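What follows draws every value from the coordinates through simple rules; no lab data is involved. Remember, predicted model here, so these are calculated numbers, not experimental data. Note that each Cβ is placed from the backbone with ideal geometry, even for glycine, and that neighbours are counted across all protein chains shown.
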Amino acid sequence: MTTNAFGPPKTSSEALTAAAPDAFTARMHEISHLVAFDPGSWSQEMANEVRSIFDLRAENWFIHETDAYLAPLDAALQAGEIVGRHCLDIGSGTAIHETTLASRFDHVTAVDFSLQMLRNAKRGQADFVLADAAQLPFADHSADAIVLVNMFLFAAESARVLKPEGSLVFVSTRANETPIYLDPGDVAAAMTRLDDSSLVATTGATGPGCWTIVRRRTNDQSGKGAR
Ligand SMILES: C[S@@+](CC[C@H](N)C(=O)[O-])C[C@H]1O[C@@H](n2cnc3c(N)ncnc32)[C@H](O)[C@@H]1O
């Protein structure tokens, strides 16, 4: 396991939560990059570290439900004209985005590995599944869209579950100030390295947030690369 400027990875979520925000953000950035490019780095220890952090935050997660927080996902879905039958909101937290997603998909499944997040989730149109995004309990090529808002990208597992013509939507509500963050170029790189040239990424910014959509190249996109 790698170390960072703040020393070895911490195992006490309370210590990390209490740490300076920049230390917390740096650690989440580090994990975001590690799991996107080296999924084998996602250990049980790391999963416990992350889960404990979000378990502690679950009860007050509703404070994030603001127009500014919701806007980048809405903008991405509009820009990509993304609709479909089944959407997976992976790392859904308390399902803040389910109203947005239910307006575009017949069926939304909110997936999180924090039981506390799911216990505090809005009950609406979504189904809820307690699972680790590193090992999703869904069939190959079963989802029309995978949505990740401020959530780690497990690229190979996302590609396995996504339909060949499906869309992966990666949103960072505060761009690179978001703790769980990958820059759009890295989102594209993590996905395209699995499937060389057939995927194409489009990116955009909305307010303080940014988003990346990765999907299979269509004929009218030939010649436009992701990077
Ligand atoms: C920053 S929160 C974002 C929650 C939600 N997407 C939102 O925008 O309100 C990240 C969420 O991802 C979940 N998470 C992190 N790693 C995960 C994993 N490997 N599998 C499933 N959920 C995970 C956390 O429990 C937490 O609820």
Please report Phe113, Phe154 as a ranked list, fewest other C-beta atoms within 10 angstrom at the top and most at the bottom. Phe113, Phe154
HN-Hα J in Hz across the stretch 206-215 - Karplus 6.51, -1.76, 1.60, θ = phi - 60°, x for Gly and Pro: 9, x, x, x, 9, 8, 9, 10, 10, 7
Among DSSP beta bridges lying fully in the chain, give the percent that are antiparallel, nearest 5. 45
Subtract the Cα-Cα distance of Ser41 and Leu130 from 0.36 nm times their separation in residues, and report this length gain in nm to one decimal. 29.9 nm
Diffusion coefficient in µm²/s returned for the chain by Stokes-Einstein, Kirkwood Rh over C-alpha pairs, 4 °C and 1.567 mPa s, is 74
Return the long-range amide H neighbours of Arg217 (sequence gap of 5 or more, or a different chain), with a cut-off of under 5 Å between placed amide H atoms. Leu199, Val200
At Arg193 and Asp106, where each label point lies 7 Å from the Cα along Cα→Cβ, what is the point-to-point distance in nanometres? 3.7
